1. Would you mind calculating the relative contact order of the range 222-319 from Cα pairs under 8 angstrom and at least 6 residues apart, reporting the percent as a whole number?
2. Give me the percent of Cα-Cα pairs in the chain that sit more than 28 Å apart, rounded to a whole number.
3. Structure shown: which of Lys396/Lys443; Lys110/Lys133; Lys205/Lys408 lie over 20 Å apart, alpha-carbon to alpha-carbon?
4. Taking every DSSP beta bridge with both residues inside the chain, roughly what % is antiparallel (nearest 5)?
5. Express the carbon and sulfur contribution to the solvent-accessible surface of the chain as a percent, rounded to the nearest whole number, probe 1.4 angstrom.
6. Between beta-carbons, use under 15 Å as the cut-off and find the net charge around Ala148, counting Lys and Arg +1, Asp and Glu -1.
7. Relative contact order for the range 45-193: what is it in percent, counting Cα pairs under 8 Å that are at least 6 residues apart?
8. With no solvent and one point on each alpha carbon, what is the Debye value of log10 I(q)/I(0) for the range 113-234 at q = 0.14, 0.20 Å⁻¹?
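The values are calculated or read from the model by the stated rules, or taken from the named source; none is laboratory data. Fair warning: this is a prediction, and the values are worked out from it, not measured in the lab. With ideal geometry, Cβ positions are generated from the backbone for all residues, glycine too; neighbour counts draw on all protein chains shown. Note: areas computed on protein heavy atoms with side chains; ligands, DNA, RNA excluded. Shrake-Rupley method; radii C 1.70, N 1.55, O 1.52, S 1.80 Å.
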Amino acid sequence: MGKNLLGVDFGTTALKACLFDQAGNLLASESAQYQLITKGEFIEFDADEFFNVFISTVNKITDKFKVDALAVDTQGETMIVLDKDGKPLMNAIIWLDNRATEQAKRMEEKFGIEKIYNLTGQAEIPAGYPAPKIEWLKDNAPDIFNKADKFLLLEDYILYRLTGKFASSRSLYSSSLLMNVHTGEYIPEMLSYLGITENQLPTLKESGEVVGEYNGITVVTSALDQIAGATGAGVVKEGIMSETTGTALAVCALTEKFPPYFEGLKVSVYYVRKGVYCLLMWAPTAGAVLEWFKKNFCENLSLKEIDDLASEVSEGCEGLIALPHLCGTVMPENQPNAKGVFFGVELKHTRAHFARAIMESVAYMIREYVEFMGISLDEIRSMGGGAKSKLWCSIKSGLLKKKIITLKQNETACLGSAIFAGVGIGQFESPIQASEKIVAIDKTYQVQNDAYESVYADYKEKEKKLMEIFK
């Protein structure tokens, strides 16, 4: 008899829970939103409230449906500190929190980026990562640090509240700076530097391992939200990449070869399973640029109408080039001072040209990322709001010279977590087998268009010159 699998995706300000049957059909979904507490560089949320939001949302599904197993993927790096009684000692420190900037710099001076990368797969040491946060507590809140019995991330905390056990997925700890990305075990040198022990951290498990039980439901480890999303999109082996054009842009690809370090490396490498890594690159703005353009210049048009307008414009927008860096750039060059630009504006250009230029600029970023990662691809799975646009998918296919595939299920992170839940209870042999069985393709775009080669070269030239101005 088939099982009902609950996948929960815990984002930065919203939670989504989806129940699937063993064939991947969506049976029910619920969601909730919450507002973070922001005070300057301090960004927090009540830890107990995290669980309250989780359980109240999940109960809306379990009250109506039988659930056999669940798994929850979460935002990375958000940290929760517990005392010896398992109670939070303070608000959760959200991944966006930058209070530990000084500690991050100190850590870089101590270890060096090359060593950090070779150990953890992380190409930088942001202030929002757990290791610098732990050191910040030691420096600035010694009363909390000394009382801390457990330093957890959000998935660990939810699993603890459900089962009473301290466990987490290795992929989530990829960006903690506490785990060796090759072995999936904690780094003794880093723990010693921070003054903590393994006993203060959860037991690390593979994605899809059983942790315990909650009200008759088997509770299973999931993954970092981006990796859960990639899994739910069918990105479970080499040759397939996902790109998510939502508010931001995220690109994920799997590889069995750990990329060697080089000066200026900006690709972070995440643990998926032993010997398999996920390369992750992202940009803070993508679909947000088109939303900004709509709000300010096409407020009476729907996105579909803007799409139709842009489709009447030829490749390259008759010389109009957009740089979509409205919130600076992160990869492959970290340049927070970068700005959005429309270059080459002439009297002939209309709002249709501007709309298409924005779409093309996001496709250019994706191609830049693929080239920077140096990976071989057969196809790209497209997700997010951008996947709804036939024009945008066609532009990406023509520019990247790859097959672009959209999916019938939009909630890929929830589906990825449900897949892990199914693996945990033996419903599926592996995420690969599950993906081949239940990830359903919607549309396929395969566009041959050599016109983009000269257009892309022009974009790269203009971007290089403009980025020099922003420095």
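1. Details: 115 pairs, mean separation 21.3, N = 98.
That works out to 22 percent.
2. 52
3. Lys205/Lys408
4. Details: 53 of 76 bridges.
About 70 percent, rounded to the nearest 5.
5. Answer for the chain: carbon and sulfur cover 48 percent of the accessible area.
6. Around Ala148, the charge tally is -2.
7. Working: 199 pairs, mean separation 40.3, N = 149.
It comes to 27 percent, rounded to a whole number.
8. -0.63, -1.19
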